[in-house]
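Remarks on the structure that follows.
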Amino acid sequence: MLNDKVAVIYGAGGAIGGALAHAFAREGARLFVTGRLRAPVEAVANDIVSAGGSAEAAEVDALDEEAVDKHLQFVIDTAGRVDISFNAVGILDTKILGVPLVQLDVEQFSLPITTYATSYFLTARLAARRMVANRSGVIMTITALHSRTGIPLVGGYGPAMAAKEALTRQLSAELAPHGIRVVGLRPQAMPETRTIKEAFEPRAKASGMTWEQWQELLAGRTHARRLMTLTEMANVAVFMASDQASAMTGTTVNMTMGSLDD
Ligand SMILES: NC(=O)c1ccc[n+]([C@@H]2O[C@H](COP(=O)([O-])OP(=O)(O)OC[C@H]3O[C@@H](n4cnc5c(N)ncnc54)[C@H](OP(=O)(O)O)[C@@H]3O)[C@@H](O)[C@H]2O)c1
């Protein structure tokens, strides 16, 4: 589905970024996987290459404009173009969750908002500048249901996710006339990732729930009465990145399994 597409993933050493990289490579894309630290992205690239795919790792801080720009130029010089830009960056939940809003200090509140929105803006803007020349490309990112519903003790994370979804719409309004689609994914929790356990831990004591009970609680809010897997999320991402999804832009795909109505 992604034969010969050139894809750059930011935060590719993480659970979602890594799963996306493997799925895109399996579908024929040429991957440029990036992260703040080299070792985790190199491991992802090595696995892809061992499986017969194409991947190159690079150390790129997705908040560093110069580093993102330099790397994109390297991608253009090496592969000739960039077709897919996916921002899968995530900051540690332990830094931002667990404190009631009335006690939250301004820095802790602002951290997720500025980090998520700025990183998405930077990577999208710099990719779009290259994509415009080809009148083709897909810019993607990941959010969470906190963008659309009130959840206690998540600090600035909800506003951060809402900002990214608003940015997806705005980018699309300006870029779609140039042939560039902009699409977000809003998955349910995937309990196989470290992120979900970290999000649970600050609440564990207060709620008195075990990890298993918490997963059951989240699962109970879905129509399917279960949580999703990274593979299920990556399969939707492949479709959205492909030309098969040419009608989809300016939107965030609701993958909350019924937890959140459109
Ligand atoms: N996991 C889920 O079930 C789930 C569900 C819905 C939404 N989400 C959201 O999806 C996003 C990613 O989740 P995840 O589970 O994949 O998290 P993760 O495993 O922690 O991955 C996030 C990756 O982003 C990297 N990163 C952080 N800051 C960066 C920067 N400035 N430049 C480049 N890379 C950077 C991290 O690397 P270092 O920090 O080591 O540099 C890490 O490899 C988060 O916003 C999360 O809230 C997750």
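So the values come out like this:
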read-out	value
Qualifying residues in the stretch 144-159 (those that are in contact with a helix residue (DSSP H, G or I) (Cβ under 7 Å, 6 or more places away or on another chain) and not in a loop (DSSP other than H, G, I, E, B)) - the one surrounded by the most Cβ atoms within 10 Å (Cβ to Cβ)	Tyr157
Any hit, the stretch 2-9, residues being more than 6 Å from the ligand (Cβ to nearest atom), touching a Lys or Arg at 6+ places or on another chain (Cβ under 6 Å), closer than 16 Å to Asn87 by Cα and in contact (Cβ under 8 Å) with a residue 12 or more places away in the chain	yes
Qualifying residue in the stretch 75-93 (condition: part of a loop (DSSP other than H, G, I, E, B), among the β-branched types (Val, Ile, Thr) and within 13 Å of the ligand (Cβ to nearest atom))	yes
Near pairs, Cβ below 6 angstrom, 6+ apart or cross-chain, from the stretch 96-124 (small (Gly, Ala, Ser)) to any residue that is open to solvent by 40 Å² or more (accessible area, probe 1.4 Å)	Gly98/Leu153; Gly98/Pro202; Ser119/Leu63
Test: residue in the stretch 212-223 that is within 16 Å of the ligand (Cβ to nearest atom), modelled with pLDDT of 95 or more and in a helix (DSSP H, G or I)	yes
Selection status of Thr141, surrounded by 19 or more Cβ atoms within 10 Å (Cβ to Cβ), in contact with a Gly (Cβ under 6 Å, 6 or more places away or on another chain) and closer than 19 Å to Ile180 by Cβ	yes
Which numbered condition Ala206 fails, given (1) crowded, with 17+ Cβ neighbours inside 10 Å; (2) part of a helix (DSSP H, G or I)	(1)
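The values are calculated or read from the model by the stated rules, or taken from the named source; none is laboratory data. These numbers come from a predicted model, not from an experiment. Neighbour counts run over all protein chains shown; Cβ positions are idealised from the backbone, glycine included. With ligands, DNA and RNA removed, areas are computed over all heavy atoms of the protein, side chains included. Shrake-Rupley method; radii C 1.70, N 1.55, O 1.52, S 1.80 Å.
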